[in-house]
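Data block below; observations after.
The values are calculated or read from the model by the stated rules, or taken from the named source; none is laboratory data. Just so you know, these numbers come straight off a predicted model, no measurement behind them. Neighbour counts run over all protein chains shown; Cβ positions are idealised from the backbone, glycine included. For accessibility, only protein heavy atoms count, side chains too; no ligands or nucleic acids. Shrake-Rupley method; radii C 1.70, N 1.55, O 1.52, S 1.80 Å.
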Amino acid sequence: MSGTFVGMPVHPAFPEAAREAVHDPTLRGNLRHATHTIRAKRAKAVAEVSDWAELREAGRRIKDHTLRHLDRYLEQLEESVTRAGGTVHWAADAAEANRIVTGLVKATGESEVVKVKSMATQEIGLNEALEAAGIRAYETDLAELIVQLGKDRPSHILVPAIHRNRGEIRDIFRAEMGAWGRPAPEGLTDTPAELAEAARLHLREKFLRAKVGVSGANFMVAETGTLVVVESEGNGRMCLTLPETLISVVGIEKVVPTWRDLEVFLQTLPRSSTAERMNPYTSMWTGTTDSETADGPRAFHLVLLDNGRTDALADQVGRQALRCIRCSACLNVCPVYERAGGHAYGSVYPGPIGAILSPQLRGTASEIDASLPYASSLCGACYDVCPVAIDIPEVLVHLRERVAEGGPAVRAGNRVLLKPAKGHAAERAAMRAARWALARPGALRTGQRFASRTRRLHPRTLPGPGRAWSGTRDLPPVPAEPFRDWWQRTRGAGDDKGGAK
Amino acid sequence: MSSRERVLGRVRRALADVVPDERPYEEAVGRDYLRVHGRRSTEETVELLAENLADYRAIVHRAAAEDVRMLIMRLLARRGSQEMLVPPGLPPDWLAAADPVWIHDRAAGTPQRLDRVGSVVTGCAVAIAETGTIVLDGSPDQGRRRITLIPDHHICVVRVPDQVVSSVPEALERLDPARPLTWISGPSATSDIELDRVEGVHGPRTLEVILLG
């Protein structure tokens, strides 16, 4: 059984991966500035609409309903897209999706493509697959460009280069742009306007000559076959409009039943993600237009991607993660993300949503995936801001149980029985011991008194298998007197008179 | 087994717990949210559109039918564009003989040719007051998507109050999903560098909206 590939190399568990990040003052500064800025703006944008709670509930219901009848809506979508002149392909996993896209690009005879920022194509490692086939993929979103030129990895769903400040971006542009096309202008400074202008000039020559565009989509409408891409810069419009061939790779969970459903998400997505009433540009297209009125690509291919989504769908608690509309609001409020940064999550989906999505898409066999459900303080801020009301803490706890205890799950469409993950033996032993002691008040009292009397002898870190736990946490001090003894000594007399009021 | 059957089969097995006679879509999706936020007169709706357009850094002008030609001429002169792009069905009375050279979309075949054009003038399909959004649907007075994308200066004429709606739900109702649609809220912008908003990366960096009527 092979894990679902999500375009990331072997990665250490979250605590190790995060250690470096939390000790990097530049990174923490960049992240703190960015997340606090967007957090405040988002709260204001949401407060503007008096029916936010109702919109959120409607979004939740639309997504839930769609997921519970996903087969029907996918078939309807396929029919609608085909009727409108598009071609639908199905990909069970990343390898198959990459094979389909590579084949489609090769069939055009082209050796380069322009790309709209897309989580799905990052997830499957499409750029690497295209490169292996001799096709160069140009990322055209400014942040993705920064990441691509810097030979870096994205660290945020919405602002992939959030971990870079303007000085770092200038250095990357100066050093790398020339190797990819038009070099950075002489004397480029680090003002955002100049950096954006450099990106504009660098990318425009690519847009204007591009014959093939690759995108994802934010929504697909089953009833009409319409695809929707929501963006700010206009690079999306460029890639969706100018090329002769457009290939869109979209997760099967992105379908919504009706045209009208967009009225909910076009109100909640921009406010949640960029904290705007509306994002600057939204493009909607339905198949291809006929040659009379030709507007946009003449060939349109939709690749419907599973890659672990049906496995998540099979989990009755975890399937709510598929409601996600990738707004990234949960990242921006998460105290763990703010300190650890996106790279520590070892997946293209960082932050709270990544902590529940990645282990479901990929399974919990690897060290990083088994550690992700623990990369949270369970404070619940992510649930509060989620515009489709995904109860992330609930799924985190559910996945922790799966990691620690094992149990039935679905991998690559097959029912499997997961073994408890390695490294959790001590945790299970501790829980069993606690269960035993808490059921025996006499033993608990004796143990607590013993612990209090020996408190000066306690080590600062736990020995043996507990070392890892105490390596990232402070051990709580043991009090001089157990609480129960203290209660008995100070209030105990009242109990004799039946003093509980 | 084809991948289509494999994926659909997995979906069906994953949903084994879903009872078949579940509530239909119309019942399952309650729509308790508002269709419009707040009550406004037609005049106030247009006013809100102007405010929100300006808030997102579009430049807003108002003109009566007889003045629009002069206004467009002035805006183009100020911009200094040598060539101007117009969609095939733009109302002729919006343009004056003294305007810069007009180029029709079809004549400017390649994207490289379009890139040398300074300004574009179009109509629109609908404008949304609550969000400050104009929507283009490729009708003859708006042209193909590319003409409002490549030039750096876009002048969009909105007929008020006919083309103005209050909200996103009202806009979707008016639009035809079969057409290629472009929703525009202010000029192109990015916040990718330290979340500082910068106008204009790839789309037109200047958006001027004329509220006509």
Here the qualifying pairs (Cβ atoms under 9 Å; residues six or more apart or on different chains; first in region A:398-417 and away from chain B (no Cβ under 14 Å); second in a strand (DSSP E or B) and polar (S, T, N, Q)) come out as none
Give me the residue from region A:123-138 that is open to solvent by less than 10 Å² (accessible area, probe 1.4 Å) and under 20 Å from the mean Cα position of the chain (by Cα) and, out of that set, nearest to the other protein chains (Cβ to nearest Cβ). A:I124
Could you tell me which numbered condition A:A175 fails, if it satisfies all but one of (1) within 30 Å of A:R362 (Cα to Cα); (2) surrounded by fewer than 22 Cβ atoms within 10 Å (Cβ to Cβ)? (1)
Consider A:R339 against the criteria (1) closer than 27 Å to A:G413 by Cβ; (2) within 18 Å of the chain's Cα centre (by Cα); (3) charged (D, E, K, R); (4) open to solvent by 30 Å² or more (accessible area, probe 1.4 Å): it satisfies all of them except one. Which criterion is unmet? (1)
Here is a check on your reading of the model: is A:A312 assigned to a helix (DSSP H, G or I), over 12 Å from the mean Cα position of the chain (by Cα) and among the hydrophobic types (A, V, I, L, M, F, W, C)? yes
Would region A:40-48 turn up any residue that is facing chain B (nearest Cβ under 7 Å), more than 19 Å from B:V36 (Cα to Cα) and in contact with a helix residue (DSSP H, G or I) (Cβ under 7 Å, 6 or more places away or on another chain)? no
Count of residues meeting criterion [outside any helix (DSSP H, G or I) and buried (at least 16 other Cβ atoms within 10 Å of the Cβ)] in region A:28-52: 1
Answer yes if at least one residue in region B:86-96 is assigned to a strand (DSSP E or B) and under 23 Å from B:P187 (Cα atoms), and no otherwise. yes
What number of residues within region B:149-162 satisfy the criterion of being open to solvent by less than 20 Å² (accessible area, probe 1.4 Å), modelled with pLDDT under 95 and not aliphatic (A, V, I, L, M)? 1
Could you check B:T133 against (1) under 25 Å from A:T289 (Cα atoms); (2) out of contact with any Lys or Arg (no Cβ under 9 Å at 6 or more places or on another chain); (3) β-branched (V, I, T) and say which number it fails? (2)
Among the residues of region A:87-111, which ones are in a loop (DSSP other than H, G, I, E, B) and open to solvent by less than 40 Å² (accessible area, probe 1.4 Å)? A:A92
Answer with yes or no whether A:P185 is outside any strand (DSSP E or B) and buried (at least 24 other Cβ atoms within 10 Å of the Cβ). no
Within region B:3-19, of all residues that are assigned to a loop (DSSP other than H, G, I, E, B) and facing chain A (nearest Cβ under 7 Å), the one modelled with the highest pLDDT is B:L15
Pairs under 9 Å by beta carbon, first residue within 22 Å of A:R428 (Cβ to Cβ) and open to solvent by 100 Å² or more (accessible area, probe 1.4 Å) in region A:442-469, partner hydrophobic (A, V, I, L, M, F, W, C) and not in a helix (DSSP H, G or I), six or more apart or different chains? A:W469/A:L462
So which residues in region A:377-419 are more than 29 Å from B:S3 (Cα to Cα), part of a loop (DSSP other than H, G, I, E, B) and open to solvent by less than 60 Å² (accessible area, probe 1.4 Å), if there are any at all? A:G380, A:C386, A:P387, A:V388, A:A389, A:I390, A:D391, A:G406
Does A:D71 meet the test of being of a type in the set (D, E), closer than 30 Å to B:E27 by Cα and within 12 Å of chain B (Cβ to nearest Cβ)? yes
Quick count over region B:20-66, residues being outside any loop (DSSP other than H, G, I, E, B) and more than 18 Å from B:D162 (Cβ to Cβ), is 9
Any chance B:Q82 is exposed (fewer than 15 other Cβ atoms within 10 Å of the Cβ) and within 14 Å of another protein chain (Cβ to nearest Cβ): no
Is there a residue in region A:423-440 that is outside any helix (DSSP H, G or I) and under 30 Å from A:R309 (Cβ atoms)? yes
